[in-house]
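Undergrad: Got a structure for you, written out below as structure tokens; questions coming shortly.
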Amino acid sequence: MAKASEVKNGNILRFNGELLQVEEFLHRTPGNLRAFYQARMRNVKSGKLVEYRFRTDEEVTIARVETNNYQYLYEDGDSLVVMDNETYDQHNIPKALFGPAVKFLKEGINVIIAFESEEPIMGQLPASAELEVTYTEPAVKGDTSTNALKSATVETGAEIRVPLFINIGDKVKVDTATGAYVERVKA
């Protein structure tokens, strides 16, 4: 157990039976009232935002979270099989931990996974992924209006919007958080 005064931004707390990541933790001293800590926390599993006021001497449980790099091997139903880069141990991780970005996951890519007492609680992909375009409509000659986009399917099966000059076989860099086209990768 730790005191509320020891909590920092980014800590993961076990609070009311849930795991919450602290996004903002402020010390408030309103006029002639007692000081308190105002916390904005996000539920690790559901993503819901929670606000709470802690007394300065209130006891909190800071969860011990281990974060490590893993290599994505393959998909197995509703989970992903990843391998520890140092011990070569394999783990099954629920797909839901990665959110919508899971559609840009390519075999062999390194991901970051956080464990809290042997239970995976968070998964994070790299900020961008380089993927090959497997299908897109050919551009019509003369159709060069500024910032025109067309649909394209990448090697993972995800659909993204790309500029008209992108063709089948081109490699593109995709922002995994938003699914937006970043740039064409030169071979």
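Undergrad: With a 10 Å Cβ neighbour count serving as the proxy for reagent exposure, in which order, fewest first, do Met83, Met41, Met122 appear? Walk me through the numbers on the way to the answer.
TA: Numbers: Met83 14, Met41 23, Met122 19.
So the ranking, lowest neighbour count to highest, is Met83, Met122, Met41.
Undergrad: Shifting gears a bit: Quote the relative contact order of the chain in percent (integer), defining contacts as alpha-carbon pairs under 8 Å separated by 6+ residues.
TA: 14
Undergrad: Ok, one more. Under the rule a/c < 1.5 gives rounded, and otherwise a/b versus b/c splits prolate from oblate, where does the chain land using the Cα gyration tensor?
TA: Oblate, since a/c reaches 1.5 and b/c is not below a/b.
Undergrad: May I pose another question? Summing Lys, Arg as +1 and Asp, Glu as -1, what charge do residues with Cβ under 13 Å from the Cβ of Tyr135 carry, Tyr135 excluded?
TA: Residues near Tyr135 contribute -4 overall.
Undergrad: Looking at this model, which pairs from Lys3/Lys103; Lys48/Lys150; Lys3/Lys45 are more than 32 angstrom apart at the alpha-carbon? Could the numbers behind the result be given before it?
TA: Details: Lys3/Lys103 41 Å; Lys48/Lys150 34 Å; Lys3/Lys45 24 Å.
The pairs that break the limit, which is 32 Å between Cα atoms, are Lys3/Lys103; Lys48/Lys150.
Undergrad: Moving on to the next point. So how do His91, His27 line up by other beta-carbon neighbours within 10 Å, fewest first? Show your work: numbers first, answer last.
TA: Details: His91 16, His27 12.
Neighbour counts put them in this order, fewest first: His27, His91.
Undergrad: Order 165-174, 55-64 from most to least packed using the mean count of other Cβ atoms within 10 Å.
TA: Put in order of decreasing packing, that is 165-174, 55-64.
Undergrad: Considering only Lys48, Lys106, Lys95, give the residue with the highest GNM mean-square fluctuation for the chain, with springs between Cα atoms whenever their separation is below 10 Å.
TA: So, out of Lys48, Lys106, Lys95, the one fluctuating most is Lys48.
Undergrad: Still on this structure, please answer the following. Quick one: check the C-alpha center-to-center distance for the range 69-108 versus the range 109-187, whole angstrom.
TA: 18
Each value in this text was obtained by applying a stated rule to the coordinates, not by laboratory testing. These figures come from a predicted structure and were not determined experimentally. Don't worry about glycine lacking a Cβ; one is built from the backbone with ideal geometry, like all the others, and counts go over all protein chains shown.
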